[in-house]
């Protein structure tokens, strides 16, 4: 039986990078085909392939770590670096949208009426639903920390309860934001105000959905005894991502909802 | 605070007065003996021995899964669980290859010039 003389993980050959790349090809070409020829078949195929790839790739990582023991301390360190670098790249992604917002709002053009919010735009009251949303996300930051401490202390029931609460708060935020979108007196087509508002908050909402999904997977894994009090990096990665989503919202709230109103 | 050896537990405990500490110990030099073993009212049981413990939301199947995934059958991790893995892989690969061909065809057709009106 062959044994490795090092602590690193030499991954088995995997088809998922190829299927993921093809999924990206199909989604992007599919978007173009949808725009010009009104057919969504190619794009839908790409989306299905993306979902299959994500499911099987991450399932394999769980198998390699939890069931095969490949996630030794040096390997885990690499995973930590990876998650931090990914979150950093997402920070830069949002920085771009904040740049766009401040570019337009700090020096409003005559076409907008020389003021911000532009003439004709009635912004949302920052002290109504947006403030509730802020409270919801801050509370979810507390519950996810509670979940982490519960896992570290081996408190199975509390970990499951606090993680469930975190996810429910995330879903509540999403539902509230959806109703805000529906009820808003302005749309994405309402000049640069509409564009910056809906693109920035829209991408944030997408990240809330992604974060909630990540936490839900962690909940399933916690129920299935995958996490130990010493080793639960999947959960830590989800918690870091969730705190990032929370911080982005705080910047959005202060800049776009509050200062921008 | 003074200290004495308790007559009940055989362990070191506090005594509030000098006389209390001295009188219970006696004035003879004794080598402290081993304290008697503590006996609880009900002996503690190991969790696995209790059949009636309700496992909170399911039992731990991880050790069983670890055995499955550590079998030295040479299978890569994405096919390690057998038939289900193979079916899902084949479906995904089928969609990948089929999708690529469909995509190339769609892009070729899209690149053909339309007749001007």
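Computed quantities for the displayed model
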quantity: Odd one out for residue A:79, checked against (1) crowded, with 17+ Cβ neighbours inside 10 Å; (2) touching a residue at least 60 places away in the same chain (Cβ under 8 Å); (3) in a loop (DSSP other than H, G, I, E, B); calculated: (3)
quantity: Residues of segment A:142-155 satisfying the condition of being farther than 12 Å from residue A:215 by Cβ and touching a residue at least 60 places away in the same chain (Cβ under 8 Å); calculated: A:145, A:151, A:152, A:153, A:154
quantity: Boolean, residue A:168 is at pLDDT 95 or above and buried (at least 17 other Cβ atoms within 10 Å of the Cβ); calculated: no
quantity: Residue within segment B:52-63 that is at positive phi, at the interface with another protein chain (Cβ under 10 Å from one of its Cβ atoms), within 18 Å of the chain's Cα centre (by Cα) and modelled with pLDDT under 95 present; calculated: yes
quantity: The one condition in (1) in a helix (DSSP H, G or I); (2) surrounded by 14 or more Cβ atoms within 10 Å (Cβ to Cβ) that residue A:108 fails to fulfil; calculated: (1)
quantity: Members of segment A:121-138 that are surrounded by fewer than 16 Cβ atoms within 10 Å (Cβ to Cβ) and either touching a residue at least 40 places away in the same chain (Cβ under 8 Å) or in a helix (DSSP H, G or I) (or both); calculated: A:122, A:125, A:131, A:132, A:135, A:138
quantity: Of residues in segment A:13-38 being without any contact (Cβ under 8 Å) to a residue 40 or more places away in the chain, at the interface with chain B (Cβ under 8 Å from one of its Cβ atoms) and part of a loop (DSSP other than H, G, I, E, B), the one nearest to residue A:79 (Cα to Cα); calculated: A:13
quantity: Residue count for segment A:42-61, restricted to those that are facing chain B (nearest Cβ under 10 Å) and surrounded by 15 or more Cβ atoms within 10 Å (Cβ to Cβ); calculated: 12
quantity: Given (1) more than 14 Å from chain B (Cβ to nearest Cβ); (2) in a helix (DSSP H, G or I); (3) surrounded by fewer than 18 Cβ atoms within 10 Å (Cβ to Cβ), index of the condition residue A:158 fails; calculated: (1)
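The values are calculated or read from the model by the stated rules, or taken from the named source; none is laboratory data. A quick note: this is a predicted structure, and the numbers were derived from the prediction, not measured. Backbone-built Cβ (ideal geometry, glycine too); neighbour counts: all protein chains shown.
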